[in-house]
Each structure stands twice: as C-alpha cells, then as structure tokens.
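Engineer: Submitted below is the structure of interest, expressed as structure tokens.
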Amino acid sequence: MVRIFFLACLLALPALAQTPDPARVEAVVAASFASAPAGWKSRVTQDALQEICSLTRNQPSAAQAEAITAAAKASVVLPPDSAIIGDWRNGEKIAQNGQGGQFSDAPGTVSGGNCYACHQMALSEISYGTLGPSLSKYGKLRDFELADARATFAKIFNPHVTLACSTMPRFGLNKVLTAQQIADVVAFLFDPASPVNTDTK
Amino acid sequence: MRRYVQHSEHILIFECDNVKLLFAVAAEIGAAQGGGTELLNLLRIMVLCLLGSAANLRAQPADVDGEKEIERYRAMINDPMANPGYLAVDRGEVLWAMARGGKNVSLEKCDLGAGPGVLDGVAAHLPRYFADADQVMDLEQRLLHCMRTLQGLDTKDVIARRFGSPGKTSDMEDLVAFIGNKSLGMKYQASLSHPKEREMANIGEAMFYRRSAINDFACATCHGDDGRRIRLQALPDLSKPGATAREVMASWPAYRVSQSQTRTMQHRLWDCYRQMRMPAPDYASEGITALTMYLAKLGDGATINVPSIKR
C-alpha cells in the first residue's frame, strides 16, 4: 500500500514540475503588466474560454468542448438574411487590414480583420499566412448558398461555434469587427463577383 | 508589392531590405568613423546588392528568393566591421567602465553570475538565479540591479531610454550587446539547477500557451508549429527544442535592419505582445524573464552569435 503510494508520488512528480500553480502564473502576468493604462487592464485577465483553452493547450475535454461550442452558438447575434452578405469590396479591405487594437495604434484606429495574416483568400494576393486553411473559392465551393453564408457569419463572429478552442479570434463577440464589417467580409467570401471566387491566379 | 507594405509593417519587402540594410550600415559606419575603407567596401557591396535585388525583382516567387537573398547577405554582413550591432557593442564597453550614479563608480564590479566583473561567458548562462536578490534575473534586470545597488544610479532615465530610436541610443541595448558579445561562439547553457530557475521556466511555458486580449492570441498561436507564416513572414516554431529554438535563443541581441537599432529579447517580446493586442509589458518584468527562461530551456546548447543581424 505504502509502496504504491510512493510510486504514485514519483509518477506525479514530473507532471507537477511541468505545471506551475495557475494562480502563480496569473500573479506573474499581472505584475508584468502592472503599469498598463486603465482602459487596457481588462485585456490582461482571461475570460473563461481563454482560461480553459490555455490550460488545456487548445485540447479541451469532450465535456469542456461541448460547453464551449454551446456557449459560442448562444453568443452569436445574426443579422436578418438581407444583411448577411455585405459589400465584397469593403470586405477585401477589411481582410487586408491588420491595424487596430495595438498599443502602437493611434486612438480611434478602426480595426481590420487581418484575415490574410492567416488565410489564403483571393489567389492574386500572394502575401497570405498559413495559420489557417485556404479560403480560396470559398463561396463558389458552397454554391453561394445563403445557409453557408449565415454559418460563415457565425464562424467569424465566434469561431468556437464549430471548433472549441479554435485559434481564430472571436471578431464579433470581442467587438473587433462590427456586424457590418463581418457582413462585408462574408461578401468577400460569398459574392460571385469577389476575387476570392473569380481569381484563377 | 506596395499592398503588403501598406497592410503589415512586419512584412518587410525582402528586395527593399537589401538596399535598406546597406544604407543603414553605411550611414552608421559613416557617422561613427567619418568614412574610411569600411565605407568603401560597403559601397562596393551595395552596388553588388542593388544588382542582385534588381534581378530578384524579376524572379518569382518573391518569398523564396527573398529568403535566399537575406541568407546571402547575412553571410556577407557577418564581417564584424560591417554589422552595425558592433557600434552598440563599442558604446556598451564605454558605458560598462563609466563612473556614474550617486556613488560615482563604474559597473566593473557588477556580478553577472560568475563573480564581480566577470564578463566572459556570463551571457551563456542568463537568465539565472541570484542569491543576493533571491530572484531569477535576465541580463537587463541584473544590470538595473547593479546600477541601483552598486552605482546608486536613479534608473528612471535609463528605463525611459530602454529602446533606442534614431538619434537616441539606449544604454541597456548597448550594454546587453557588449556583454552578449563576450560570449560569442560559446555554447549556450540554460541555468536550471536552482528550483526557482525551473519554476520560472515552467511559468514561462504556461505563459507561452496563455491566451488573452481581444484576439485571444497566445505566443503558441504564432509560434506553435513548424513552417507556418503570418502573411509572408516565416514564424519560428518555439514550442519545442531543436535547431530553430537554438538559433533564436543564440541570436539576441540582434541588429534589426527594419528599425536600424540593436534590439534585445526584451524588445522582441514587447513587440510580440504588441501584435497580441496586449498592453506593453513592463520593462525587465518577471514575466519577460519567465518567457526568456522558457526559451532558454529550448535553446540549450546553441552557439552564441551576438550581435546577430535580422530583419
């Protein structure tokens, strides 16, 4: 019995060494951003989703994942169908724009979606990142279905609707993009005239 | 091409980099030495590079060729006489020996881990635990500690100038470049024997995966995988030990061509937190040391190349 207990302790030790007390980590983080201006303090602390996805390194348990996707679905505010697909030209600018929300930005800077940081979109744009999948021909591959456009609006609003602990930002929920901006980006993906769908190279 | 300059200041056009780097080098060396043979040599390289980049502009795809170009002239610029980071090293040497503060003494008795005044090899073991402060410190924290305790210096001005800008040098960047360079060619060996050192590495690891702010980014979002890019910018995978982590850990401080400044890890992480939409982290704070300690653990065994030269 005692021997088993010791064995268990030995096995637990390396695991313990790897995971520091979350409270200690939070204290170090808080101290390291102690002089953040008042309006910025809230960015330092985590909400429930950030906390779970950090502690599990984006591998939540099945139960956690279920709770996350359910909460994400409940969080989405969809506009009426007539406003799901906006103006693709504005959407392209938003997808290109990586400004906003940084301490180096002038106050009042309008945030972009910075989609190209992570996704291939129009094939003519060669400066795209690879942190997310290619979205080239996105609408065309879905026959420009409104139902798919609606789901894409929801995905951009809160990506955890389809994948718990997605690494994509919650653009709508966190108010990085307005509903109009999201609709414009959806149009960039779903308008048949958008270069996302027309570009051959 | 203009498109990506506009949309992301981080994505420097590699072709332009060639020219920009050489002008930066020439300007700094010119300013420091009033011309001379180095400047002449540089002018020769500049012409070569301009020719090279003209050829490169025609070639596609730009990113692959751009990477090669960068490599090519990283090699060219490896000559210590041509790396402007060495100007910071020289200024740091002067600052190290300069009497300052209420006690009007130099930093030459500062203990960076191997005893008072020892410089050779100390950067190869930092951050580390210091018993006198009962704290794990990186080089910047330790230097500030020495300035305050040894020199009796009010570090307010030093901290205000923590990151240099055109026409305004940073004592810290210069000192760190000077001291880092004293370990050039040595093996980096992370200090992990003290429990507090291991604790810091573990806290740093937790911070690496910690998501926060309006984009929910963690360091791992951008540095969690092999071969990823943000726009055209290749992202080093800092989630595991290996050649990439070693190269990164061994190459700071670095002369940043895009900024015409010698930058330390403090600045690199400050800039990454900026991209994460976090507030600016406090200079020489525990969290930056924790992250550096985590990176140090991954980078163990690297051959130190300081000051290096980077985009």
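Engineer: Mind checking which residues of segment B:121-172 are touching a helix residue (DSSP H, G or I) at 6+ places or on another chain (Cβ under 6 Å) and among the acidic types (Asp, Glu)?
Structural biologist: B:Asp138, B:Glu140, B:Asp171
Engineer: Something else now. Can you name the residue in segment A:38-65 that is in a loop (DSSP other than H, G, I, E, B) and within 7 Å of chain B (Cβ to nearest Cβ) and, of all such residues, is nearest to A:Asn174 (Cα to Cα)?
Structural biologist: Checked segment A:38-65; the qualifying residue nearest to A:Asn174 (Cα to Cα) is A:Gln46.
Engineer: From A:Ile85, A:Ile94, which residue is β-branched (Val, Ile, Thr) and part of a loop (DSSP other than H, G, I, E, B)?
Structural biologist: Among A:Ile85, A:Ile94, only A:Ile85 is β-branched (Val, Ile, Thr) and part of a loop (DSSP other than H, G, I, E, B).
Engineer: For segment B:190-220, what are the residues that are closer than 12 Å to B:Met276 by Cβ, facing chain A (nearest Cβ under 7 Å) and either touching a Pro at 6+ places or on another chain (Cβ under 9 Å) or among the acidic types (Asp, Glu) (or both)?
Structural biologist: B:Ala213, B:Ile214, B:Asn215, B:Asp216
Engineer: Continuing with this model, one more query. Given (1) modelled with pLDDT of 95 or more; (2) within 8 Å of chain B (Cβ to nearest Cβ); (3) surrounded by fewer than 13 Cβ atoms within 10 Å (Cβ to Cβ), identify the lone condition not met by A:Val28.
Structural biologist: Every listed condition holds for A:Val28 apart from (3).
Engineer: Something else about it: Six or more apart or on different chains, Cβ under 7 Å: which pairs go from a residue in segment B:246-275 that's in contact (Cβ under 8 Å) with a residue 40 or more places away in the chain and under 15 Å from B:Cys219 (Cβ atoms) to one that's among the hydroxyl-bearing types (Ser, Thr, Tyr) and part of a helix (DSSP H, G or I)? Could you list them?
Structural biologist: Hits for this filter: B:Met265/B:Thr292.
Engineer: Within segment A:147-192, track down each residue that is among the small types (Gly, Ala, Ser), assigned to a loop (DSSP other than H, G, I, E, B) and under 16 Å from A:Leu135 (Cβ atoms).
Structural biologist: Listed by number, the list holds a single entry, A:Ser166.
Engineer: Take A:Ile126 and decide whether it is assigned by TED's automatic domain parsing to the domain that holds A:Ile182, surrounded by 21 or more Cβ atoms within 10 Å (Cβ to Cβ), at pLDDT 95 or above and under 30 Å from A:Lys201 (Cα atoms).
Structural biologist: No.
Engineer: Would you pick out the residues in segment B:252-283 that are within 11 Å of another protein chain (Cβ to nearest Cβ) and within 10 Å of the chain's Cα centre (by Cα)?
Structural biologist: Within segment B:252-283, B:Leu269 is the sole residue that qualifies.
Engineer: Just a yes or no: is a residue in segment B:284-295 touching a Lys or Arg at 6+ places or on another chain (Cβ under 7 Å) and either outside any helix (DSSP H, G or I) or within 14 Å of chain A (Cβ to nearest Cβ) (or both)?
Structural biologist: Within segment B:284-295 (the criterion being touching a Lys or Arg at 6+ places or on another chain (Cβ under 7 Å) and either outside any helix (DSSP H, G or I) or within 14 Å of chain A (Cβ to nearest Cβ) (or both)), the answer is no, since none of the residues qualifies.
Residue-wise test of (1) out of contact with any strand residue (DSSP E or B) (no Cβ under 6 Å at 6 or more places or on another chain); (2) buried (at least 21 other Cβ atoms within 10 Å of the Cβ); (3) more than 14 Å from chain A (Cβ to nearest Cβ); (4) at pLDDT below 95.
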position	(1), (2), (3), (4)
B:Asp65	yes, no, no, yes
B:Met76	yes, no, yes, yes
B:Gly113	no, no, yes, no
B:Ala123	yes, yes, yes, no
B:Ala131	yes, no, yes, no
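Engineer: Can you pull out every residue in segment A:102-159 that is under 21 Å from the mean Cα position of the chain (by Cα), free of Cβ contacts under 8 Å to residues at least 12 places away in the same chain and farther than 29 Å from A:Ala71 by Cβ?
Structural biologist: A:Asp105, A:Thr109, A:Ser127
The values are calculated or read from the model by the stated rules, or taken from the named source; none is laboratory data. From a predicted model like this one, the values you see are computed outputs, not experimental measurements. Don't worry about glycine lacking a Cβ; one is built from the backbone with ideal geometry, like all the others, and counts go over all protein chains shown.
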